[in-house]
Each structure stands twice: as C-alpha cells, then as structure tokens.
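The values are calculated or read from the model by the stated rules, or taken from the named source; none is laboratory data. Fair warning: this is a prediction, and the values are worked out from it, not measured in the lab. For neighbour counting, all protein chains shown are included, and Cβ atoms are generated from backbone atoms with ideal geometry for every residue, glycine included.
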Amino acid sequence: MDIVIGLEVHVQLATRSKLFCGCSADYFGAPPNSLTCPVCLGYPGTLPLLNRRAVELALRLALALGAQVQTSSLFDRKSYFYPDLPKGYQITQYRSPLAVGGTVSFPGEAGEEHLRIRELHLEEDAGKLVHAGDRTLVDLNRAGVGLLEIVTEPELRSPEAARAFVRSLRTVLRHLRVSSGDMEKGALRCDANVSLARAGEPLGSKTEIKNMNSARAVERALAAEAARQRELLSRGERVERATYGWDDALGKVFLQRGKEDAESYRYFPEPDLPPLDIGPELLARVRGELPETPQERLERWARELAVTGTDAQTLIAEPERADYFEEVARVCGRPRQAASWVLSEVLRLWRAKEPPLAPGELGLLVRAVAQGEFSRTTAKELLRQAAAGASLQELLNSEQMRPLKGSEPLRELAQETLLAHPQAAADYRAGRTQALGFLVGQAMKAVRGRADAPQLHRVLKELLEEDHWGG
C-alpha cells in the first residue's frame with residue numbers, strides 16, 4: 001500500500017521575549033508559572049504587541065527556503081478550550097500566512113530529495129500540562145512563546161524520509177540561528193498527517209499524530225500508524241479521521257480525540273492586531289543579514305577545502321561543530337587533517353556544547369603532527385591530557401612529551417624493550433615473527449607513543465638479528 005505523509009513543524013523562534021508580550025521566552029527549567037503576565041495569561045482588557053524580532057527570524061527562514069513572503073498577512077483567533085490555553089483561543093495566521101512556497105532538501109535513498117513547503121505562519125504557543133499521578137498540573141511559562149509553523153505538502157512517501165526531512169530542517173534552523181532546534185526541550189515539535197491507499201486507488205482518510213519531539217520518534221510513530229492503518233484496510237475496515245498521540249516508551253499511538261475541521265475552531269480575525277505589512281526595506285535588510293545556509297557552506301567546503309561526502313555531512317550537522325572545524329582548518333592550514341581530527345578524536349571528548357579544546361589550540365596540535373614534531377599517538381595523548389585540564393602549550397613544550405628523534409634514543413629504547421621481554425625476543429628468533437609487533441607495542445607504551453613506530457620497528461628488527469640477542 002502507498003503511504004502519503006504531510007508534516008506540520010512547530011519551530012520555537014530564538015527570541016528573548018514572547019510573541020505578544022515582554023515575558024522571557026527562556027522557559028526551559030524555570031520555576032512553573034514564573035514567566036507570565038496579564039497578556040500571556042489572557043486577562044480581560046490586555047492587548048497583544050507583536051515581537052519584531054520574531055518577524056525578522058521568520059522572514060530569515062522564509063527567504064532561506066525560497067518561500068514567497070506576503071507583503072501583507074493577517075492574524076486570526078483559533079478558539080478551543082483547554083487548560084493550557086488560558087485565553088480560550090490561540091492567536092495564529094489562518095487566512096493569510098506570512099509566506100508561501102519554498103523547499104527543504106534532505107538526503108534520500110536515491111540521492112538528494114526536495115519537499116515542497118505549503119506555507120509558513122506565525123502563532124503563539126500554548127502552555128504545558130504536567131501529569132502527576134491522578135492529577136494534572138498546568139505550567140503557563142510557555143504560553144505565548146513565538147512559534148513559526150511550517151506546513152509541508154503531503155509528498156513524503158516513507159517514515160524514513162520524514163525523519164531525514166526533520167533532521168535536515170533542524171540543521172537549517174540552527175545554522176540560520178532561527179531556533180535552537182532542541183527537540184528534547186520542545187523547541188522543535190512535529191505533527192504528521194498520514195494516509196494510506198492500495199496501489200492505483202484514491203487515498204483513504206487521514207489521521208493526525210501530535211507533538212512528536214525527536215526525529216526518531218517521527219519515524220517510529222509514522223511506521224506504527226502506517227501499520228495500524230494497513231491492518232484495518234486489509235480487514236476491509238475504514239480508517240476514521242482522528243487525532244492520535246504517540247507513546248515513545250510503548251511504541252504505540254493512542255487515540256486523543258476525533259479529528260476537528262476548520263469550522264470546529266471558529267476562526268475569526270484577531271481584532272487587536274493590525275495586518276502585518278512587510279515593506280521592501282525590511283525584506284532587503286533581512287536578506288542582507290542572511291547567514292550562510294548549510295548547503296552553501298557544503299558547496300564552499302568542497303570548492304575551497306576539498307572536504308566532501310560523509311565527513312562534510314557529519315561536520316555540518318551542528319553549527320558549533322562546523323564553526324569549530326573551520327577555525328581548526330584555518331589555524332593548521334590543512335583542512336582534511338583538521339576534519340579527521342575533529343571527527344575521530346574531538347567528537348569522542350565533546351561534552352554537551354563544550355569542545356574539549358579551543359579550536360586554535362587543536363589547530364596548533366594538528367599542524368605540529370603534520371610537520372613531524374609529534375606522532376599522532378603522542379598528539380592523541382596530549383589532547384587527552386589537555387581535555388582533562390592540562391595546559392596544551394605547557395605539554396607541547398615539555399621535554400617528557402617531545403618525540404624521540406635520532407638513532408641513538410631509539411636504539412636505547414629498543415634495547416631496554418628486548419631486555420624487559422626476553423621471551424618475545426626468543427619467539428621472534430624461533431620464527432614467530434608476530435612477536436615483533438608485540439615488542440613494538442610495548443616500546444611505544446613505555447614512551448607513551450613518543451617514538452616513530454616504523455623507525456622503531458626497523459631498529460628492533462636489526463637488534464633481533466644480531467647474534468647476542470639470540471636468547
């Protein structure tokens with residue numbers, strides 16, 4: 001059976017204050033109901049005032065996605081009664097959105113795919129319900145926070161494609177600094193509409209899945225709902241229009257309510273807000289301030305740094321990671337080596353958003369390795385110690401960390417190793433040549449990787465072949 005998916009993605013805009021009042025929008029972790037005022041609590045007689053920065057960030061994304069910005073858009077009241085919506089209605093854009101059209105590119109099975117955007121519109125968020133045993137509590141800190149809703153065309157054909165789209169969109173949002181994109185904190189939430197049909201037949205009734213908060217949850221929820229609908233249709237039963245939630249722990253969808261239509265929300269024009277007019281000066285300014293998109297950055301990396309493929313995709317996934325790599329590459333002057341170090345060594349030590357080492361310092365370390373001042377093994381040890389709090393500059397200058405150079409130090413190290421491991425030396429002389437690898441490893445361990453392994457291998461081999469090492 002064919003599956004058709006359309007998404008509605010709610011993006012929390014990276015503003016300091018809420019969409020229609022001056023309360024802080026930084027609600028995550030704040031004491032419940034501590035970031036509220038008469039406006040976001042919906043007190044009678046209060047008036048909303050539109051946040052200019054929210055409009056600018058929304059325009060930034062619209063332009064980056066190639067959407068057509070409406071010169072004039074309108075706000076509406078969407079009425080529904082729920083404990084987390086104190087006014088009894090949500091201010092949104094229904095009749096006339098901020099922008100229409102545009103596309104988002106994402107990786108698919110056959111290469112790059114493109115999903116068309118139907119519209120982008122501004123709206124305020126609702127509060128949050130906290131279920132505690134047999135009680136339900138309401139936290140209104142989030143009520144009134146500015147959202148940009150992105151509505152896609154129903155053109156996704158698999159749960160895997162939906163997951164890839166969400167991940168790519170999140171990367172765009174973060175690089176443009178439009179939103180943190182932190183799905184685990186609710187800054188990016190996704191609803192999905194799902195329909196199935198037998199090949200060649202019209203689509204069946206669609207169902208909606210609400211508030212998925214990770215790309216993985218999007219994929220799992222869509223797969224579960226597709227399986228549920230497929231089972232119903234295979235038995236000759238109807239799929240009823242309804243809204244479902246997703247229980248990630250159980251891996252199941254659960255019925256929330258029958259599906260509403262537009263009439264159920266009783267939309268009507270918001271009387272307290274004038275039309276949102278976007279003049280050419282504002283549009284030109286926002287366009288001029290557009291940051292580099294991930295796709296533009298990838299193209300520049302391929303052109304200027306010769307970094308492409310999986311390495312580039314992994315580096316670009318997070319803007320902090322991409323910025324870090326570029327600074328390391330600038331300092332060391334060797335982009336491919338910089339990419340290798342960031343991906344293979346630094347990411348293992350990266351904690352939250354804090355890298356283990358300043359990019360300038362890592363650039364110096366990579367350059368030192370490239371110039372033969374340190375082996376990669378020694379440099380990895382230096383990185384480990386620096387990540388634990390040691391001064392990299394002091395480590396670089398320490399004689400104890402300097403590489404062993406010249407034949408005499410290597411010969412002394414080799415002799416000490418053979419004396420410490422006579423059985424391995426005897427094994428090698430008896431024809432068990434793998435013992436040489438063991439001896440090289442023991443010698444490198446003794447000097448914490450400061451020797452050149454190929455040279456050490458050669459010196460040990462020469463000594464083993466001398467008569468007095470016969471064992």
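Which residue is surrounded by the most Cβ atoms within 10 Å (Cβ to Cβ), if the candidates are limited to region 146-169 and must be over 11 Å from the mean Cα position of the chain (by Cα) and of a type in the set (S, T, N, Q)?
Once the filter is applied, the top-ranked residue is 152.
Which ones in region 205-257 are under 24 Å from residue 125 (Cα atoms), among the aliphatic types (A, V, I, L, M) and either touching a Ser or Thr at 6+ places or on another chain (Cβ under 6 Å) or assigned to a loop (DSSP other than H, G, I, E, B) (or both)?
Correct list: 242 only.
Go through the residues of region 131-151 one by one and say whether even a single one is modelled with pLDDT under 95, assigned to a helix (DSSP H, G or I) and not acidic (Asp, Glu).
No: region 131-151 contains no residue that is modelled with pLDDT under 95, assigned to a helix (DSSP H, G or I) and not acidic (Asp, Glu).
When you go through (1) outside any strand (DSSP E or B); (2) more than 23 Å from residue 127 (Cα to Cα); (3) not aliphatic (A, V, I, L, M) one by one for residue 184, which number turns out not to apply?
Result: residue 184 fails condition (2) only.
For residue 25, state whether it is within 22 Å of the chain's Cα centre (by Cα) and either at pLDDT 95 or above or surrounded by 15 or more Cβ atoms within 10 Å (Cβ to Cβ) (or both).
Considered against the rule, which asks whether it is within 22 Å of the chain's Cα centre (by Cα) and either at pLDDT 95 or above or surrounded by 15 or more Cβ atoms within 10 Å (Cβ to Cβ) (or both), residue 25 comes out as yes.
Out of all the residues in region 47-64, which are crowded, with 21+ Cβ neighbours inside 10 Å and assigned to a loop (DSSP other than H, G, I, E, B)?
Listed by number, the list holds a single entry, 51.
If we keep just the residues of region 85-118 that are charged (D, E, K, R) and over 23 Å from the mean Cα position of the chain (by Cα), which is farthest from residue 50 (Cα to Cα)?
By that ranking, first place goes to 118.
When region 207-223 is examined, which residues are found to be crowded, with 20+ Cβ neighbours inside 10 Å and over 22 Å from residue 12 (Cβ atoms)?
207, 222
Are any of the residues in region 170-190 surrounded by fewer than 21 Cβ atoms within 10 Å (Cβ to Cβ), closer than 30 Å to residue 36 by Cα and hydroxyl-bearing (Ser, Thr, Tyr)?
Yes, region 170-190 has at least one match.
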